[in-house]
Every structure is written in C-alpha cells, then in structure tokens.
Amino acid sequence: MKITFREIVFLAILTVVYLLFAAIPVPLIMSVRRLGIQSLLEAVQYGIFATLAARRVRKYGSISIMGLISGLFLSFMVPVMGFNQIIGALSAEIISFLFFGSYQRKSAISLSACLWPVLTIPISGIFNMVFQDRSLSQQIGNPLIFIGIIIGTLFLAYLGSKLGHKISDELERAGKI
Amino acid sequence: MIKAEKPVHPFISLIVSVLLSSLGLTLVKERFFPIFLSSVGIVYLLFGYGKVMVRSIAFLFPLILINGLIAYFSSGVQTSVQTAYRFLILGLAAVPTISIEPISLVRASRQIGVPSWVGMGLLIVFRFFPIILEEMKKIHQAIKIRGIRFFKEPSLFTRSFFIPLLLRINSISENLAKSMETRAYSREGQASLYKTVDFGFRDFAFGFLLVFIIIYFVLQGARK
C-alpha cells in the first residue's frame, strides 16, 4: 500500500510537533557522553509520536517517513543525528514488518515505536568509536548500567507508545482517524 | 534558518558540515586544534558567514560554559578545553547548513532526482514550526484557564493537550493538502522546476578550501 500525498503532509506536520517535544531534553543530552542516555531521554517522545504516526497512517513506511523528515531536518545541525534518526526508524520498521507483516495490530506499532530509540544507539556508538576515538568499553562504562539504560529506553518508549495508543483510541472513537 | 550574506550551494554546505562534524571531532585532542578552528573561521569570514558563525557560537556558548566547567571540576583543565573544542567544532560545522535556504535545497535535490515529497516534507517542517508553536500556546492557555495543571493532574493535562493538538494537526494537514492539490501538486507525474540551483566558482572555492583544510589537519594528526 502506497502512502498517499495527504498522509505525507500529515506525517510532516506531526514531525514538527515531534521535533518540538524532542528539543526539550537537548541541553541535557549534549552534556552527557555516556552511550544510550540520549535515547533514554528521548524515548517517551519517540514512543508517543511514532505510535500516533502509525495509528493515523497504518502502513509500513509511516514511521520511516517521520524518521526521514526529522533526520533531514536534524542533519542541518548535527548530520550524525540525522543519519541516526533515519537508520533507526527504517530498521525498527523492517524488524516489525518481519514479525507482524502489517500495522493492523497495535503490538506491531508498539514494537516499531519501542525499537526506534533503541536502534539509534548502535549508530551513535559506531560514530563515537570512529570519530571521537572512544572505544566501545569507554562509551558503555559499566555493562550493567548500559543494559539498564537499554531496558529503561525500551520501557519509556513503551510508556510513550501506550500514551500514543490511548490518544489515538480517543481520536478513533471521535471518528477523527 | 539564519541568513548568510550569500550562501553556497546546499550540497557543498552539507558535505562540508558532515566532514567538519565528523573528522573535526577526531582532532580535538591535537595541539594544533585552535589553528584548525581559526582556519575554518577565516574561510567562513571570507565567504560571508561571519554573522552566522557568531550567532551559532553564541547559541552554544552557555552549553560550552556549563560543560567546560563540569569537565574542569571532574577531570581537569585539559578535558575542559577539549569539551569546549567539541562544542565549538559542532557549532562551526552547523554554520553552512543552518544558512541553507530550504527552498534551494529542495530545488537542488529535485535536480538530482530526489522525490518531490521528500523536499515537500522538509519545507513543511521549516515553515510550520511557528504555526505549531502558536497552536500549542493556545491549547496550553485554554488548559490553564480551565485550571488543569500538569503536576496536579498529569493524565488529564496530557489528554487535554494532545487531543486538541492532534485535531488541529489533522485539520491543518487536510487544508494544506487540499490547497496543494488545487495547485496541481501530486506525487505522480513530472513537474517542472521553477528555478535551478547551479554550481558556481564561489561554491567550488568554498568547498575546496575547507576540504583542503580538513584533510591537511587530519593528515597532520595522523602523521603524529
């Protein structure tokens, strides 16, 4: 199923809202150097808006389009962040597609929404290794804390996704989606 | 977007920005890093990016200061200076890209065959920030008037904020899509370009100078 032009317009405007919410923890994010903290602080936003996007446009590609548009926008400031967004969204949707095949089930949407922030972590790690000369062990620090960060990211994204579903359910009842 | 005197070709800006923010970061521990920064700064000044550079660094200044101080108290002077350098290079790397005019990026992308919806999405993001912010302010004011506070009733606050916001987004996107359709915009079919964005000598000189500086200093670092 092809995503229509009207749906792209909606996704682009939703991306604006997502970027505004994602900007809230940015000052904190820029000062933290531990791998994964960035995704942890953004996980709720990823969860909410990815879910809202996929609930309104129930087609694979909706979250990737959001990732692409937000990624292109972010690449104006920090190109790596943009690259992160795009690859993260795309891989999350591919994994969800392999498991579910369609967005008809809410769990398929939640899976994409939860995986998106987590899948941005490896790219950040690779970037830091290559360009900031910081080994993976330096970035991770205590492995238990790192695992905690990943679980925390998944949990917060899940909470965000739950909230996204709740809002979408209300809009669905009102006949708006 | 911050307006530069005469921004260079969008693709050159993007390439330079990617190289600076990636390769530039590998040089922060080198002694010659201030010389590298100054060289980049001089090229920016020569090409009319002075104002943008000052604004970009001024924007990052509080972050540089806070993180520099944190690094100073936790790890000493050297780490503190390197932290400041990291922010500075990110600020400098952003200079050409934040000066790109969104429409020229879209036009240049269309010229190389990037689907028109990608450019359209990007333009919407640029244009709709103030509109969506205004909508959010209005919704927040309405919530405040009704006496709903986030810290007292987070669930009710979230519901009263997001649902009207999404309804507004829905109606804005519907109106925008309709108005674009009436102007014959569609995903299918060929569309002509109103203006083309071409490479000029100035673009080439800007790109060449900066790439030369980056490669020269990276090689200097590698030689050690």
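A few comments on the model shown:
- Output for the range B:76-106, where each listed residue is within 19 Å of B:Leu65 (Cα to Cα), within 20 Å of the chain's Cα centre (by Cα) and more than 9 Å from chain A (Cβ to nearest Cβ): B:Ala84, B:Tyr85, B:Leu88, B:Ile89, B:Gly91, B:Leu92
- From the options B:Phe87, B:Phe128, residue that is more than 16 Å from A:Met77 (Cβ to Cβ) and of a type outside the set (Gly, Ala, Ser): B:Phe128
- Search result, residues across the range B:182-197 that are in contact with a helix residue (DSSP H, G or I) (Cβ under 9 Å, 6 or more places away or on another chain) and at pLDDT 85 or above: B:Thr196, B:Val197
- Sole residue being closer than 21 Å to A:Val44 by Cβ, surrounded by 15 or more Cβ atoms within 10 Å (Cβ to Cβ) and more than 8 Å from chain A (Cβ to nearest Cβ), chosen from B:Ile132, B:Ile169, B:Ile143, B:Ile163: B:Ile143
- Filter result for the condition that a residue is out of contact with any helix residue (DSSP H, G or I) (no Cβ under 6 Å at 6 or more places or on another chain), within 11 Å of chain B (Cβ to nearest Cβ) and either outside any loop (DSSP other than H, G, I, E, B) or over 20 Å from A:Thr153 (Cα atoms) (or both), over A:Ile13, A:Ile3: A:Ile3
- Selection within the range A:132-177 - within 16 Å of A:Pro122 (Cβ to Cβ), over 22 Å from the mean Cα position of the chain (by Cα) and polar (S, T, N, Q): A:Gln132, A:Ser135, A:Ser137, A:Gln138
- Take the conditions (1) within 14 Å of chain B (Cβ to nearest Cβ); (2) out of contact with any Ser or Thr (no Cβ under 7 Å at 6 or more places or on another chain); (3) of a type in the set (A, V, I, L, M); (4) over 24 Å from B:Arg86 (Cβ atoms); A:Ala89 misses just one of them, which is (2).
- Residues satisfying the stated conditions in the range B:105-115, i.e. surrounded by 17 or more Cβ atoms within 10 Å (Cβ to Cβ) and either part of a loop (DSSP other than H, G, I, E, B) or of a type outside the set (Val, Ile, Thr) (or both): B:Leu105, B:Arg107, B:Ala108, B:Ser109, B:Arg110
Rundown of residues vs (1) away from chain B (no Cβ under 11 Å); (2) of a type in the set (A, V, I, L, M), yes/no style:
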position: A:Phe131; (1), (2): no, no
position: A:Gln139; (1), (2): yes, no
position: A:Leu144; (1), (2): yes, yes
position: A:Thr153; (1), (2): yes, no
position: A:Ala157; (1), (2): yes, yes
position: A:Gly164; (1), (2): no, no
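- Selection within the range B:172-193: residues that are assigned to a loop (DSSP other than H, G, I, E, B) and touching a residue at least 12 places away in the same chain (Cβ under 8 Å). The member of this set that is nearest to the other protein chains (Cβ to nearest Cβ) is B:Arg187.
- Given (1) more than 22 Å from the chain's Cα centre (by Cα); (2) small (Gly, Ala, Ser); (3) surrounded by fewer than 15 Cβ atoms within 10 Å (Cβ to Cβ), number of the condition B:Ala71 does not satisfy: (3)
- Qualifying positions in the range B:28-51 - within 12 Å of chain A (Cβ to nearest Cβ) and buried (at least 19 other Cβ atoms within 10 Å of the Cβ): B:Val28
The values are calculated or read from the model by the stated rules, or taken from the named source; none is laboratory data. Note that the coordinates shown come from a computational prediction; the quantities given were computed from them, not determined experimentally. With ideal geometry, Cβ positions are generated from the backbone for all residues, glycine too; neighbour counts draw on all protein chains shown.
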